[in-house]
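Everything below concerns the one structure shown next.
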Amino acid sequence: MVTTDPTYPLYYSAARLSGAGVHAVPVYEEDDFLPDWNKIPDNVLSKTGMLIMNYPNNPTGAMATEDFFADTLAFAKAHRFPIVHDFAYGAFGFDGKRPLSFLQTPGAKEYGVEIYTMSKTYNMAGWRFGFLVGNASIIQAFKRFHDNAHSDVFGARSKTRRQRHCLGRKIVSKN
Ligand SMILES: Cc1ncc(COP(=O)(O)O)c(C=O)c1O
């Protein structure tokens with residue numbers, strides 16, 4: 001898996017869980033914290049299965065430009081690997097700039113998906129609630145993984161269980 005250095009640290013844990021190695025391209029202030037993917041060595045590129053990035057960026061605060069997204073897409077196309085753009089901070093622009101969605105890049109849906117989380121935009125941190133948009137086959141692969149790796153108790157049921165638990169405690173303390 002290819003990403004930037006620094007990046008959102010959970011990408012490293014996710015790669016480790018799936019047995020993938022990580023190659024991180026360093027970013028520098030003088031380049032507006034945007035990576036030069038051409039620095040990735042050929043022996044890494046031949047094994048790369050995915051590129052993940054997030055703009056507006058955690059932790060640098062960098063914003064992507066149209067040219068950067070277009071170059072990233074061309075690079076991924078040339079080396080035939082998918083792009084995952086984590087758009088967690090898509091609702092937060094500053095200095096008069098509006099964050100760009102990677103999917104605005106012409107042709108992005110051929111190679112990429114974009115992830116959104118409700119945590120930041122809707123103040124729903126901890127709800128583990130988000131969605132994925134873009135290339136249908138990547139979404140299919142993600143759904144297959146998600147169905148098997150993640151499950152949750154239906155919300156209304158867990159609420160009922162909590163109420164029953166409290167009621168049970170009241171009855172016990174009365175007797
Ligand atoms: C870049 C980035 N992606 C994803 C997330 C995860 O958001 P959540 O797990 O709350 O949906 C965060 C949270 O800090 C983040 O900074």
Asp67: of a type in the set (Asp, Glu), within 21 Å of Thr7 (Cβ to Cβ), modelled with pLDDT of 90 or more and more than 16 Å from the ligand (Cβ to nearest atom), yes or no? yes
Can you tell me which residue is nearest to the ligand (Cβ to nearest atom) among those in segment 9-32 that are aromatic (Phe, Trp, Tyr) and surrounded by 12 or more Cβ atoms within 10 Å (Cβ to Cβ)? Tyr11
Within the set of pairs 6 or more residues apart or between chains, which connect a residue that is farther than 20 Å from Ser101 by Cβ and without any contact (Cβ under 8 Å) to a residue 40 or more places away in the chain inside segment 123-137 to a residue that is part of a loop (DSSP other than H, G, I, E, B) and more than 7 Å from the ligand (Cβ to nearest atom) with Cβ atoms less than 8 Å apart? Arg128/Asp152
Looking at (1) at negative phi; (2) within 10 Å of the ligand (Cβ to nearest atom), can you tell me which one Thr48 breaks? (2)
Filter result for Met124 (within 15 Å of the ligand (Cβ to nearest atom), touching a helix residue (DSSP H, G or I) at 6+ places or on another chain (Cβ under 6 Å), farther than 23 Å from Leu17 by Cβ and not in a helix (DSSP H, G or I)): yes
Going through Pro56, Pro35, Pro6 one at a time, which residue ends up being within 16 Å of the ligand (Cβ to nearest atom), without any contact (Cβ under 8 Å) to a residue 40 or more places away in the chain and under 18 Å from the mean Cα position of the chain (by Cα)? Pro35
Count of residues meeting criterion [without any contact (Cβ under 8 Å) to a residue 12 or more places away in the chain and within 14 Å of the ligand (Cβ to nearest atom)] in segment 95-121: 0
Is it the case that Lys77 is out of contact with any helix residue (DSSP H, G or I) (no Cβ under 7 Å at 6 or more places or on another chain) and among the basic types (Lys, Arg)? no
Of all residues making up segment 79-90, the number that are within 16 Å of the ligand (Cβ to nearest atom) and either modelled with pLDDT under 95 or over 21 Å from Pro9 (Cα atoms) (or both): 0
Considering only residues that are under 30 Å from Pro106 (Cβ atoms) and in a loop (DSSP other than H, G, I, E, B), which ones fall in segment 130-151? Asn135
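The values are calculated or read from the model by the stated rules, or taken from the named source; none is laboratory data. Note that the structure is a prediction, hence the values are computed from the model and not measured. Quick reminder, even Gly has a Cβ in these numbers, built from the backbone with ideal geometry, and neighbours come from all protein chains shown.
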